[in-house]
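Input: a single structure, listed below in structure tokens.
The values are calculated or read from the model by the stated rules, or taken from the named source; none is laboratory data. Owing to the predicted nature of the structure, the values given are computational and were not obtained by experimental measurement. Because the Cβ atoms are built from the backbone with ideal geometry, glycine has one as well, and the counts that use them run over all protein chains shown.
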Amino acid sequence: MTTNNTQQRILETAAALFANKGYDALTMRDIATACNIKAPSLYNHFKDKQQLYLATLRFVFTREGDALMACLQSDLPAQQKLDDFIALACRQMAGSFIFRQLFIRELLGQDEDRLKFLANEVMLDNCLALQKVFVDINPDCDPHFLTTSLMSLLFFHFQSNALRLHLPGGSEETQSIDYLTKNIQQMINHHLNC
């Protein structure tokens, strides 16, 4: 197995472990065991747990972010880019527990260095491209507020889906990706057009 294949296997395994157990609950030995390699071999790829964790965050967020960036950089009109972006983001949220869980863990953990890493090194290009789309649609909007609002809507609705079913008005229909996509698009577009 090549170094790149081994490294990818390590990152995929580490992503699942970090999402399920969190950063503090794992050791490098735990991760090596789950990867079916010896701990010294793991250290050949990553010098310590912090470096492995940051590489894991970059790996997971980049994997999800590349497709989103393609939406934002397409030749379509800005409104269509935004609608396509929201639809894809909803499908990704529904389909990637690991991505959602890692993000939520970082928000709850409030580790300033890791949050800065996510904001400045992992999410920056996507956020700037999304903000440009917002401004293209409405030059007078607050693109930062819209970006963080959209992130909050996406993460909250998909992370709390199990609870939302039992709240007043909850139903199987309100749990569907199509329902959530349509309503998140409407909320963001309503704010953009006010």
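At least 3 residues that are under 18 Å from ALA78 (Cα atoms) in each: list the helices (runs of 4 or more DSSP H) lying fully within the range 100-193 that qualify.
Details: elements: 112-117, 124-137, 143-159, 161-164, 172-175, 177-193.
By residue number, 124-137, 143-159, 177-193.
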When PHE46 is run through (1) under 25 Å from GLN185 (Cα atoms); (2) surrounded by 13 or more Cβ atoms within 10 Å (Cβ to Cβ), the failure sits at (1)
Quick one: in the range 47-76, which of the residues that are outside any helix (DSSP H, G or I) and either acidic (Asp, Glu) or within 14 Å of the chain's Cα centre (by Cα) (or both) is modelled with the lowest pLDDT? ASP48
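Of these, SER152, SER160, which one is closer than 20 Å to HIS191 by Cβ, surrounded by fewer than 16 Cβ atoms within 10 Å (Cβ to Cβ) and either touching a Gly at 6+ places or on another chain (Cβ under 7 Å) or of a type in the set (Ser, Thr, Tyr) (or both)?
Values: SER160 fails: closer than 20 Å to HIS191 by Cβ.
The conditions single out SER152.
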Over the range 77-99, the set of residues of a type in the set (Gly, Ala, Ser) and assigned to a helix (DSSP H, G or I) is ALA78, ALA87, ALA89, ALA94, GLY95
Filtered residue count, the range 157-194, keeping only those that are under 14 Å from PHE134 (Cβ atoms) and free of Cβ contacts under 8 Å to residues at least 24 places away in the same chain: 2
